[in-house]
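Heads up, the thing below is written out as structure tokens.
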Amino acid sequence: MNGWTIGVAVAIAISVFLLMNQAAWRPIKWIGWGLGNLVVGSIMLFLFNLAGQSISFHLPVNPVTVTITGFLGVPGLATLVVIKQFLL
């Protein structure tokens, strides 16, 4: 066996160990949770903008507004409305 095959075997063994270890999944779960919140925030902003078309009110869909809406939920969306209505 040459050095290359030993390196591949060690890499496979480490990968299997990490996949079997629960601690290796924790960051993946956090990333999935965060991405799920961003998707929910995007959908909330889309639906709000769809409803706001009738009164000509629009919130921009950008990374900042999606993050605020996704992680804070309805209170975050209400805060964005107040900020746009009274401060901008």
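The values are calculated or read from the model by the stated rules, or taken from the named source; none is laboratory data. Everything numeric here is computed off the predicted structure, so don't read it as measured data. Please note: Cβ atoms are built from the backbone with ideal geometry, for glycine as well, and neighbour counts cover all protein chains shown. Quick note on the areas: whole protein, heavy atoms, side chains included, nothing else; ligands and nucleic acids left out. Shrake-Rupley method; radii C 1.70, N 1.55, O 1.52, S 1.80 Å.
Could you go through the stretch 44-60 and let me know if any residue there is modelled with pLDDT of 90 or more, surrounded by 14 or more Cβ atoms within 10 Å (Cβ to Cβ) and among the β-branched types (V, I, T).
For the stretch 44-60, residues modelled with pLDDT of 90 or more, surrounded by 14 or more Cβ atoms within 10 Å (Cβ to Cβ) and among the β-branched types (V, I, T): absent.
Considering only the stretch 26-43, state which residues are surrounded by 14 or more Cβ atoms within 10 Å (Cβ to Cβ) and not β-branched (V, I, T).
In the first step, residues of the stretch 26-43 are kept if they are surrounded by 14 or more Cβ atoms within 10 Å (Cβ to Cβ); the result is 37-38, 40-42.
Result: N37, L38, G41, S42.
Residues to consider are L38, L59, L45; find the one that is touching a residue at least 24 places away in the same chain (Cβ under 8 Å) and closer than 30 Å to L18 by Cα.
On the way: L59 fails: closer than 30 Å to L18 by Cα; L45 fails: closer than 30 Å to L18 by Cα.
Unique residue meeting the criteria: L38.
I need every pair where a residue in the stretch 10-31 that is of a type in the set (F, W, Y) has its Cβ under 9 Å from the Cβ of a residue that is assigned to a helix (DSSP H, G or I) and open to solvent by 90 Å² or more (accessible area, probe 1.4 Å), sequence separation at least 6 or different chains.
Between residues of the stretch 10-31 that are of a type in the set (F, W, Y) and residues that are assigned to a helix (DSSP H, G or I) and open to solvent by 90 Å² or more (accessible area, probe 1.4 Å), the close pairs are W25/L19.
Can you tell me which residues in the stretch 49-69 are over 18 Å from L87 (Cβ atoms) and of a type outside the set (G, A, S)? Break it down into steps so the answer makes sense when it comes.
Within the stretch 49-69, the subset over 18 Å from L87 (Cβ atoms) is 49-51, 53-56, 61, 63, 66-67.
Passing the criteria: N49, L50, Q53, I55, V61, P63, V66, T67.
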